[in-house]
1. From the phi of every residue in the stretch 210-215, what ³J(HN,Hα) in whole Hz does the Karplus formula 6.51 cos²θ - 1.76 cosθ + 1.60 yield, where θ is phi - 60° and glycine or proline is x?
2. Calculate, for ARG70 and PHE186, the FRET efficiency according to 1/(1 + (r/R0)^6) with r their C-beta to C-beta distance and R0 30 Å; round to the nearest 0.05.
3. Per residue of the stretch 160-171, what does 6.51 cos²θ - 1.76 cosθ + 1.60 with θ = phi - 60° give for ³J(HN,Hα)? Whole Hz please, x for Gly and Pro, Karplus curve as stated.
4. How far apart, in nm, are the 7 Å Cα→Cβ label points at LEU224 and TYR177?
5. Using a simple spin-label model with points 7 Å from Cα along the Cα→Cβ vector, what separation in nm is obtained for LEU144 and ARG93?
6. Of TYR94, PHE150, HIS57, which is farthest towards the positive pole of the stretch 54-167's charge dipole, taken about the Cα centre with +1 and -1 on the beta-carbons of Lys, Arg and Asp, Glu respectively?
7. Trypsin sites (Lys or Arg not before Pro) within the stretch 48-150: which are DSSP loop residues with at most 14 other Cβ atoms inside 10 Å?
8. Apply the Karplus parameterisation 6.51 cos²θ - 1.76 cosθ + 1.60, with θ equal to phi minus 60°, to every residue of the stretch 82-87 and state each ³J(HN,Hα) to the nearest whole Hz, in sequence, with x for glycine and proline.
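The numbers here are math on the coordinates, done by the rules we state, and not lab data. On a predicted model such as this, the values are computed, not experimentally measured, just so you know. Backbone-built Cβ (ideal geometry, glycine too); neighbour counts: all protein chains shown.
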Amino acid sequence: MITIASSLVSNCVKRPRAAVLGLFLALLFLPGIPAAHAASPAGPAPIPGSPLDAHNHGVPYDTGVHQIARLFALIAYVLMVATLLLGAILRMRYFERQVNRATVYGAHMTIGLSALIFGALHGLTFLYQPIWHIGTVRLLVPFLGPVQRFPVGCGVLGTELAIAVGCSVWLQRRLGYQRWLRFHQFAYLSFALVWLHVFLVHPEPRHLNLVAVGVALGAGVCLLAFLIRVLPSRSRLRQRAFRTGGGQA
């Protein structure tokens, strides 16, 4: 034992960096070994707000309300993706001859209003789940709930921002078209917050299943629509080049 100890000491003296790295790794991983052994029989912690979490806290849980809330969330997500896609189509000159602009605008407004209704109904269903501890104030003011504060707050903030963007249609004449259009583009930020809520609040979208594929496809469609709105088209680039050339001439 004395020989082994002396050899270890000599190695540490010869290689101080390796000794410091080994000590750092030991301090990093060794304290977690007893905790891992202690937590292994009990298994992973239940999802906050889930039926198992309600059972552990002795709080009643309504499975029917949970299924209704999940259905409303999926419908609102699909309708929100369709709304952003139709909005991008309205701005693209390629579809001016292919579709009727008035029809697309009417569908854009109707589907957007439906998305807001289903999103609001999704939030209202949680008033009937005691485990979430969500009241009227916490449902209206984001980041106040005690259960999954950040994911739920993103959902509340995204829904309220979408409502503000939708209601801005009635202020278009007062704001002016360009100012209103800039504010209207906050719809993409609203969708980003809603997507973050969907992705973080439950592990289902983070696993390979039908819901995860649908959520990913919807996010990809909205990202493509956002890039189409942000990146200038070739015709706009040509107009800018023509204006610049004409001004210099």
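1. After applying 6.51 cos²θ - 1.76 cosθ + 1.60, I find 5, 5, 5, 5, x, 5 Hz.
2. E between ARG70 and PHE186, to the nearest 0.05, is 0.65.
3. 5, 5, 5, 5, 5, 5, x, 6, 5, 4, 6, 9
4. The two pseudo-label positions are separated by 2.8 nm.
5. 4.8
6. In the stretch 54-167, that residue is TYR94.
7. Within the stretch 48-150, the qualifying trypsin sites (Lys or Arg not before Pro) (loop, at most 14 other Cβ atoms within 10 Å) are ARG97.
8. Once rounded to whole Hz, the list reads 5, 5, 5, 5, 5, x.
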